[in-house]
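*Asks:* Have a look at the structure that comes next, please.
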Amino acid sequence: MVELLAPAGNMDKLKTAFYFGADACYFAGTKFGLRAYAGNFTDENLKESVEYAHSLNKKAYVTVNIIAHNADFDGMAEYLKYLYQIGVDAVIVADVGIIELIKKVCPKLEIHVSTQANITNKYAAKFFCDLGVKRLVLARELSVKEIKEIRDFIPADVELEAFVHGAMCISYSGRCLLSNYMANRDSNKGACVQACRWEYTIHEKSRNNEEYPIYEDNRGTYILNSKDLNMIEYLQELIDAGVTSFKIEGRMKSVYYVATVVNAYRRAIDNLQKHKQDSALTLELNKASHRNYTTGFYFGSSDKECLSSSTPVQTHEFMAVVLSENKNGQVLIEQRNRFKVGDTLEVLSPNKTFNKTIAVESLKDENGADVLDALQVQQKLYLKTNLKLMPGDILRKKIV
């Protein structure tokens, strides 16, 4: 049984990911993780999140994947003990020093080796296996063929996890120093400024430092930008290679992004088990913010992480979230972006209402007054519809 692993930058995103079909979520506390600006979870939030995941019979993984310096170990042992105490299913770790510390202070705490550890060969994979880790999150520079070779070389009880969707760092498996030099923010401690997304020019040394832009489009050039990874059409190839956990990138992404991508991959995985295919799921991923897509390194040199515009695009926009079940022909919703009576909304749901449409005929506020234009931020409204919507469903509108 393959696992669908989703990002959770905060509690709202975690609940969204589970509602739309994730089997597990990965997230960070307020320290020792690689997304310092994702919102993240206090110690109390961590406990609540783990308990919530377990109440759904799902799993919670916490990132402790900084590339640590000596001072970073202050307080880490106590933090690791706390994670074990609250029942975290595994910690995601890149640094062998942290792995050694875990084995010393929490020997029963399950360890997943982060992609930051840059596992690109079967011998490195075997090294980590010999340390007693449970799962390897493979470097994204590997081909499907190389993954299969690693799978055949390591013990059968060690799992393989691979990224299937989302933004990719231009540097080697995320080990980048550009942010450090440009903005004094350490990308290997979770504070990346994403300097690779900026526009750059070159200059010729003897010409008084005159700058020459290299135009890629009318917005400038993006010499360090990668396309976004998208493997939804090739999940079977990864399964055949021995991957047992499909990882979605995006702890900094929106709730709408998490809902859209998790829903699409959940359906694609379920279709594989039923020996079905749905080409519409490929188009579904265009409805959330993304750059041009690539299959990265999985199939060799045919589709590397080529340069892409820094500006993401999407075909649909998040209009409202459903707060209640349908009752007397209407549902309570909460506005997220402006829409009006006369618009057509599309349903994003893990249920049978997925991609059904609603012609907005009537909107009322909580006092029963008619609303023609939903422009108040997070206003609660009653929407007329006969569709059986559920709390957590999302309503979106086509914008291009």
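The values are calculated or read from the model by the stated rules, or taken from the named source; none is laboratory data. Model, not experiment: these values are computed from the prediction. Backbone-built Cβ (ideal geometry, glycine too); neighbour counts: all protein chains shown. For accessibility, only protein heavy atoms count, side chains too; no ligands or nucleic acids. Shrake-Rupley method; radii C 1.70, N 1.55, O 1.52, S 1.80 Å.
*Asks:* Every residue in region 279-322 that is of a type outside the set (S, T, Y), modelled with pLDDT under 95, open to solvent by less than 70 Å² (accessible area, probe 1.4 Å) and in a loop (DSSP other than H, G, I, E, B), please.
*Replies:* If the condition is that a residue be of a type outside the set (S, T, Y), modelled with pLDDT under 95, open to solvent by less than 70 Å² (accessible area, probe 1.4 Å) and in a loop (DSSP other than H, G, I, E, B), then R291, G296, F297, E305, C306, P312 are the ones that fit.
*Asks:* Give me the residue from region 138-158 that is in a helix (DSSP H, G or I) and touching an Asp or Glu at 6+ places or on another chain (Cβ under 8 Å) and, out of that set, surrounded by the most Cβ atoms within 10 Å (Cβ to Cβ).
*Replies:* Among them, the one singled out is V144.
*Asks:* Is it the case, given these coordinates, that A369 is of a type in the set (G, A, S) and either surrounded by 15 or more Cβ atoms within 10 Å (Cβ to Cβ) or in contact (Cβ under 8 Å) with a residue 24 or more places away in the chain (or both)? Talk me through it step by step, then tell me what you get.
*Replies:* On the way: of a type in the set (G, A, S): yes; either surrounded by 15 or more Cβ atoms within 10 Å (Cβ to Cβ) or in contact (Cβ under 8 Å) with a residue 24 or more places away in the chain (or both): no.
So A369 does not fit the description; no.
*Asks:* Here is a further query. Would you call L56 touching a helix residue (DSSP H, G or I) at 6+ places or on another chain (Cβ under 9 Å), closer than 22 Å to P391 by Cβ and open to solvent by less than 10 Å² (accessible area, probe 1.4 Å)?
*Replies:* Here the answer is no, as L56 does not meet what is asked.
*Asks:* Now, a different point. Checking the conditions here, which among K13, K31, K108 is touching a residue at least 12 places away in the same chain (Cβ under 8 Å), open to solvent by 10 Å² or more (accessible area, probe 1.4 Å) and over 23 Å from C192 (Cβ atoms)? Reasoning before the result, please.
*Replies:* Working: K13 fails: over 23 Å from C192 (Cβ atoms); K31 fails: over 23 Å from C192 (Cβ atoms).
K108 is the lone residue from the list that is touching a residue at least 12 places away in the same chain (Cβ under 8 Å), open to solvent by 10 Å² or more (accessible area, probe 1.4 Å) and over 23 Å from C192 (Cβ atoms).
*Asks:* While we're looking at this one, here's another question. Among the residues that make up region 77-99, is at least one of them open to solvent by 70 Å² or more (accessible area, probe 1.4 Å) and not in a helix (DSSP H, G or I)? Working first, answer last.
*Replies:* Start the filter on region 77-99 by keeping residues that are open to solvent by 70 Å² or more (accessible area, probe 1.4 Å), which leaves 78, 81, 84-85, 96.
From what's left, not in a helix (DSSP H, G or I): none.
Looking for residues that are open to solvent by 70 Å² or more (accessible area, probe 1.4 Å) and not in a helix (DSSP H, G or I), one finds none in region 77-99, hence no.
*Asks:* Has region 389-396 got any residue that is on the phi < 0 side of the Ramachandran plot and either of a type in the set (V, I, T) or free of Cβ contacts under 8 Å to residues at least 24 places away in the same chain (or both)?
*Replies:* Yes; the residues of region 389-396 include at least one that is on the phi < 0 side of the Ramachandran plot and either of a type in the set (V, I, T) or free of Cβ contacts under 8 Å to residues at least 24 places away in the same chain (or both).
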